[in-house]
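Take a look at the structure below.
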Amino acid sequence: MRHTIFIIINLLVWNISTAQQTLTKKQNDLPIIIMNGTAHLGNGDKIENSVITFENGKIGMIAPANTFKLDLSKFQVIDAKGKDIYPGFIAMNTQIGLVEVDAVRSTRDFREVGTFNPSVRALIAYNTDSKVTPTIRSNGVMLTQIVPQGGRISGQSSVMKMSGWNWEDAQYKADEGIHLNWPAAFRRGGWWAAPGPITKNKDYDEQVKAIKDFLDEAQAYNEKTNVEKVNLKFEAMKGLFDGTKKLYIETNFAKTIMESVLFTKEYGITPIIVGGKDAWQITDFLKEHKVMIVLKKTQDLPVREYDDIDQTFKTPKILKDAGIVFSFSLDGAWEQRNLVFQAGQAVSYGLDYEAAIEGLTLSPAKILGIENTAGSLEKGKDATIIIAKGDILDMRTCIIEKAFIEGQEVDLDNKQKALSRKFTDKYGVDIDHD
Amino acid sequence: MKKIILSFIIATIFLVGLNAQKTFPQNGVFDYREGLYAFVNATLHKAPGQTMENATLIIKDGKIMNAGTGIPVPKDAVLYDMDGKHIYPSFIDMYSNYGMPEPVSAGSRPDKQPQMLSNRQGAYMWNEAIKPEFQAHKAFKANVQAAEEMRNLGFGAVFTHQHDGISRGSSSLVHLGNGREHEVILKDRVAHHMAFSKGKSTQSYPSSLMGCIALIRQTYYDAQWYAKEGKNEEMNISLEAWNDLKALPHVFDTRDKLEILRAAKIAKEFNSQYIFKGSGDEYMRLDKIKATNSPLIIPINFPAPYDVSDAFDAMQVSLSDMKNWELAPTNPGALAKAGIPFALTTHGLKSKGDFMKNLKIAIEHGLSEKDALAALTTIPAKLMKVENIIGSLDKGKIANFIVTNKAIFEDGAKIHQNWIAGQGFVLKAFPEEADLGEGVYRLKVGKKNYDMHVTWDEDSPKYIIKENDSTDIKVKYNFKDKIISLSFNDEGNLIRLSGTADNTSAKGQGYDAEGNWISWKVTPTRALVDKKEKEEEKEKEKSEKELGDIVYPFLPYGAKELPKAKTTLIKNATLWTNEKEGIIEADILLSNGKISQIGKGLNASADIVIDAKGKHVTSGIIDEHSHIAISKGVNEGTQYSSAEVSIADVVNSEDVNIYRNLSGGVTAAQLLHGSANPIGGQSGIVKFKWGYTPDEMLIKGAAPFIKFALGENVKQSNWGDDYTIRFPQTRMGVEEVYDDHFTRAKEYGKLKRSGKPYRKDLEMETLLQILESKRFVTCHSYVQSEINMLMKVAERHGFTLNTFTHILEGYKIADKMKAHGAGGSTFSDWWAYKFEVIDAIPFNAAILDKMGVVVALNSDDAEMSRRLNQEAAKGVMYGGMSEEAAWKMVTLNPAILLHLDDKMGSLKIGKDADVVIWSENPLSIYAQAEMTFVDGIKFFDKEEDLKKREEIKIERNRLIQKMVGEKKAGAKTQAPSMKYQTHYHCDHIDDEMGEQEHKHDHDHNHDHED
């Protein structure tokens, strides 16, 4: 039967049990429509009563539900009444898939030996079978930037999907950036028995010079028309000079942020600042130089003893008000399950709700240069979508019910839920595993 | 310039050979001099506050024969005219290591391994840092250069000891004159010296401050035992020496004000009293320091202003460091005003030459001259019980005195001579004959008159001829062998004059501008400036010196006055009672620190009435597992049992995280020992009474707890491949540790009860308390096998395991925990950080709760602790707990686990008024604590917090401006530096007590806080 309708509420009764089932392959052949939910677009806007369709992994349409007619029989229908719909969250600067158990050396694959390692690639170490990944996915993270650590230049990051059969299959944007750890301006003196004060790093100038030398050599090398002896490190730097790769600089102190930005401008590069704890002090500078920030966790202690006790909580609002593009982030791998709460904390301290969502979606996409295909609920973009019951940024109410990566429904079960079921079954007690 | 005539020059070393040691052979002709000298016409400062004019001092054989006015001068005395000069007792430094050998380690620590035992060979104590047998007089070697350096500052004698170790043995009193050691040692064993520092000891134990404290206490007990029966069982040189030192004064070195309070408790416990060598920050806790009734030794190494010219760098300087820069010079004056007796020391000065300069700074900041002198003479003598031989210029005491040109703290005063044991040392010769004093003179050269201005800067005069208002002609001046010579240029021609001068006039012959041999004459016309006026100006300047407030604690957000409990009525709130009433809309009254009424429309008079409509009110959050507010080490993991140590001994009230916790609604916490060893240390259970002292923070009458730990940390699994020596290395061994210790504790208890003599063992005492269910265990635990094991061990030994903390696999044996009666205190959602947590699940709390196990959520983290309300909400998120049940996990349940639920953990009449007003449902991420009360005292208020921020901004700016001013005025500055903020976790194992050089190879900037 074919009928055309105005999309109205209560057309289909949605119940929890269906919500938890994965759609069958056969059903998957039909395009999907998500109806009646509040769509948070990721670009700062929201649509209260929305309709979203997707097919072949791409969003076909997103609009207010009462503005047009659709033939529902051509869709698999998901009623999201009373629910919220978001673009899949993007976890920046993580070690997801690069480490399984922090303290077990054999499971750590994110820190290579050496000072300048631009040719090292995080991508190939990405473990798609990590038991950690599903526990993060079930809290809304659908894409992640995985980043090597250590040294002065740690290596190259890639954007990965939070599901996949292997790293090739999971890659979203390969080798998209080079990561530079800017020298510390201050260092702790003394030794640990008698901790000295943290004083200015005496080697700072020398360390900056070493970066300069490396970049100068790399730049000159990449001008060569005829390379006789290949230098893989310099080859890896090529993308920085031709604009195909991003430069991420990890630093937190206002002065070093400014110095590192001005430094890289000399090479025609606008870096992305990772960390940026003191970025709130220099918003004019950041704006003038169009610097985007991957902000270290907001649920953190203030840097200085005398800082406002809620400085880290309110930094996102300060950056947003100043018109600076920033994304939320957290260190590590398993910790990423709490990424959304970095944004929730910022909302509590004044950041607009939709702006907070933007900091988990479109802003990171812009930083990563994937904003044309990811990061927001817009026509033509990937159908990477989360459906949640309750406020996704608030642990008091947040329940993620469904998620899709490029239109494919994602399994929200994980090892932890399975273990819980095993023992609640043993005891014959019942708890909620959503 | 007062005219000074002194008819002799004292040789650098005036006399040698007084009291020549008689046992030594003589080479050459015997040259005995009795050293009978009379110093007449002096202003004699016999002792602080005892000044006499025209007085006489007579010394003989290095001792004072007589001193005073109108006393007869022996005819055979060599006479020194001290007209216009001042004589004071030479200074005494109480805290010196003059003449002591450089401390060295007894051996070396095995490479990358713990050192379990002492490297000292011989019948000494088991711990390398306890060295009461060291005797300064046996190691002392006089040092000519060092003695001269001190003499030049006015010091005549020092108490010296070796600054190394926890017990450092005895000090000696030595004078700074010349002579063999036999002569300069005035007293062999003066005092026993101690410190919270193991110095050059390479032994692992103790690695923490609490370990140090426990070791000192145990040593007291061991020494008591040794004196009675121990000496019959073993020879122990150290314990014997410890007992021998008992009757002497005890001097205890401290590194901050809280260490004084801590050590004073030890002293009291053992009926002793310590003299504290302070660090100069005592003004920050003056009342409490005074309450210890202990005298002090105070350094005057005042910090230099920071170079704040770079705004970004200046930002890194902590407010407390900046404030301390300003207020440190007030410390001596504040101590004196508070009536705390203290001596001053040069110890701690980067350059000893700054001593007098800094002393004058202290005087400018309120220290009276009398107190300053006493702190350098009579007080040290008295504190060290040697006032009969030194400290004042009374008959029979050693002839140690200094001679100055004017009263010692006056501008331009100089110490010219320092007499030590009758030996005269010239530090600076008096001008042989004074010349023209300050003033304006007429210089007549032949027929021409000049206006000549003479000014004195310190010891050298400046002569200037004023042609008119704008032109100054510099006059070259020389005065030697009583001949004055002047030369200057007059319109290109040199005028050269020579002659004689006195204080007010001069005359002679010379060449005028034309080269004629003429007569010249200088006569006074008027005084330069009115001196009185000058001084008044200076006084005014002084009084204008604005100083910041002392706040408690001495940190940002500290309070000028400690807040007190007020009767507070909170109206129309949503109360989360945690009682059977559940969540209700009602009023709540706090009075006398307790919850006194709950009900609708309460009509009670109150100091403060708060309309909390739309707000949620709960009892304060209790963090069952915290490591904030702990000083110098969270683990004493150097041995597999450290039951003798206690966090309660090292609570740190000066941690800004206390305030930050209050801002997150946290009012109390169990400050736990770390998890480095199976039997850890005792807990400190505190309320976050911001500004109060550690003792005031500790909850009176709280049940005592101890931390145990299982698993990877105690096996040292993640400490690197070098840590494979200490027992245990497996979970099997962990069980043995417990079985063994409880077996021994049982035997210890039996012996104790038998009435037979026994050695009091603090470790065994603690374990015995556990066996007797007088102390409770909270055990760091992860996997089910070890949790099960420990419950079985407890059952075998007849006690109940109170709490498993972390307990991430608790869900696997919730039934067994329930049966045993153990509670759990867990993380909401941590996992995957080490192998033993790979099966951790965020549903753990919900399952334990469902199974009837009392379950709490804790932080173990300085940051997360202020968001424990959010962690509680994860009980709703993972497992669907009811909001009330989830909330209890951070309030009532931890109170139950800590045996504090009779007075904390819920909103119930009669319970402590630990109350939080939240902006909304406290489980929400959007909820903010607006006010936090502890014992009815409001310690956090969001509105007031905003004001405090403003005050901090203003105070920083004021201090920065002041520092900039000082720099402009030529003050030496120090480079900006950041204060290191320690954030402890369970597995923090750094050695915080030694001085061994373990260079930091880790780049520490503020990017990486830990």
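With only Cα atoms counted, the stretch B:439-534 has Rg and Dmax values of 13.1, 43 Å. Over 20 Å between Cα atoms, which of B:Lys632/B:Lys760; B:Lys615/B:Lys947; B:Lys560/B:Lys938; A:Lys81/A:Lys417 qualify? Over 20 Å apart, Cα to Cα: B:Lys632/B:Lys760; B:Lys615/B:Lys947; A:Lys81/A:Lys417. Taking every alpha-carbon pair under 8 Å whose residues sit at least 6 apart, the stretch B:621-904 reaches a relative contact order of 18 percent. Around the amide H of B:Ile297, modelled in the peptide plane, lie the amide H atoms of B:Phe276, B:Lys277, B:Gly278, B:Ala343, all under 5 Å away and 5 or more residues distant in sequence or on another chain.
Over the stretch B:621-904, the ratio between the Cα radius of gyration and 2.2 N^0.38 Å evaluates to 0.96.
When the charge dipole of chain B is built from unit charges on Cβ atoms (+1 for Lys and Arg, -1 for Asp and Glu) and taken about the Cα centre, the candidate among B:Ala702, B:Leu892, B:Ala191 whose Cα reaches farthest toward its positive end is B:Ala191. Charge dipole of the protein assembly as shown (Cα centre as origin; +1 on each Lys and Arg Cβ, -1 on each Asp and Glu Cβ, all else neutral): 2440 debye, rounded to the nearest 20. When the Cα convex hull of the stretch B:91-390 is projected onto planes of every orientation, the mean area is 17.8 nm².
Take every Cα pair under 8 Å whose residues are at least 6 apart in sequence, average their separation, divide by the length of chain B, and the relative contact order is 12 percent. In this simple spin-label approximation, B:Trp126 and B:Glu229 carry label points 7 Å from Cα along the Cα→Cβ vector, and these lie 1.8 nm apart. Relative contact order, whole percent, for chain A stands at 18, derived from Cα pairs under 8 Å and 6 or more residues apart. Within the same chain, lysines fewer than 8 places from A:Lys209 are excluded, and of the rest, those with a Cα less than 16 Å from its Cα are A:Lys265. Look at B:Lys812, B:Lys228 and count the other Cβ atoms within 10 Å of each Cβ; fewest to most, that gives B:Lys228, B:Lys812. Take each residue in B:74-86, count the other chain C-beta atoms within 10 Å of its C-beta, and the mean is 0. Measure up B:Lys131/B:Lys265; A:Lys381/A:Lys402; B:Lys948/B:Lys972; B:Lys231/B:Lys752 against 24 Å on the Cα-Cα distance and list the ones that go over. Violating the 24 Å limit, Cα to Cα: B:Lys948/B:Lys972.
Per-residue 3J(HN,Hα) values for the stretch B:405-416, derived from phi via the Karplus relation 6.51 cos²θ - 1.76 cosθ + 1.60 with θ = phi - 60°, read 6, 8, 3, 4, 9, 6, 4, x, 6, 9, 8, 8 Hz in sequence order (x marks Gly and Pro). Counting Cα-Cα pairs of the stretch A:136-289 in 10 Å increments starting at 0 gives whole-percent bin shares of 10, 31, 32, 20, 7, 0.
Out of the DSSP beta bridges found with both residues in the stretch B:91-390, what percent are antiparallel (nearest 5)? Taking every DSSP beta bridge with both residues in the stretch B:91-390, the antiparallel ones total about 30 percent. Straight-line reach from B:Lys968: taking Cα to Cα under 24 Å and skipping same-chain neighbours fewer than 8 places apart, the lysines in range are A:Lys200, B:Lys323, B:Lys350, B:Lys357, B:Lys360, B:Lys534, B:Lys538, B:Lys540, B:Lys542, B:Lys545, B:Lys953.
Based on every Cα atom in the protein assembly as shown, Rg and the maximum pairwise Cα distance Dmax equal 38.6, 139 Å.
Counting only DSSP beta bridges whose two residues both lie in the protein assembly as shown, roughly 65 percent are antiparallel. In this structure, B:Asn957 and B:Ser368 have a Cβ-Cβ separation that, at R0 = 51 Å, corresponds to a calculated FRET efficiency of about 0.95. For chain B, dividing the convex hull volume of the Cα atoms by the residue count gives 221 Å³ per residue.
By the count of neighbouring beta-carbon atoms within 10 Å, fewest first, A:Cys398, B:Cys779 end up ordered A:Cys398, B:Cys779. Look at the stretch B:834-841: the mean tally of other chain Cβ atoms within 10 Å of its residues' Cβ atoms is 5. The separation of the stretch B:637-696 from the stretch B:45-78, counted between C-alpha centres, amounts to 59 Å. Shape summary of chain A, radius of gyration then Dmax from alpha carbon positions: 23.1, 81 Å. Most tightly packed first, judged by the mean number of other beta-carbon atoms within 10 Å of their residues, the peptides A:226-234, A:55-63 read A:55-63, A:226-234. Computed from Cα atoms, the angle from the helix B:868-877 axis to the main principal axis of chain B rounds to 20 degrees.
Between the residues B:Ala142, B:Phe24, B:Phe939, the greatest Cα displacement towards the positive end of the dipole of the protein assembly as shown, with unit charges on the Cβ of Lys, Arg, Asp and Glu, is found for B:Phe24.
Rounded to the nearest 20 debye, the dipole magnitude of chain B is 2740 debye, with +1 charges on Lys and Arg beta carbons, -1 on Asp and Glu beta carbons, and the Cα centre as origin.
Over the residues of chain A, the helix contribution to mean residue ellipticity at 222 nm works out to -7000 deg cm²/dmol, using -39500 (n - 2.57) for each DSSP H run of at least 4.
Note on A:414-427: average number of Cβ atoms from other chains within 10 Å of each residue's Cβ is 5.
For the peptides B:247-254, B:144-151, B:599-606, the ranking by mean Cβ contacts within 10 Å, running from highest to lowest, is B:247-254, B:144-151, B:599-606. Ranking B:Pro976, B:Gly691, A:Ala65 by how far each Cα lies toward the positive end of the dipole of the protein assembly as shown (charges on Cβ) leaves B:Gly691 at the top. Bridge orientation summary for chain B: considering DSSP beta bridges with both residues in this region, about 65 percent are antiparallel. On a 0 to 90° scale, report how tilted helix B:731-754 is relative to the longest principal axis of chain B, with both axes built from alpha carbons and the result rounded to the nearest 10. Approximately 80 degrees, to the nearest 10. Extending 7 Å from the Cα toward the beta-carbon at both B:Ala407 and B:Glu772 defines two label points whose distance is 6.3 nm.
No value in this document is a laboratory result; all are computed from the given coordinates. Because the structure is a prediction, the values reported are computed rather than measured. Ideal geometry is used to build each Cβ from the backbone, glycine not excepted, and the neighbour counts take in all protein chains shown.
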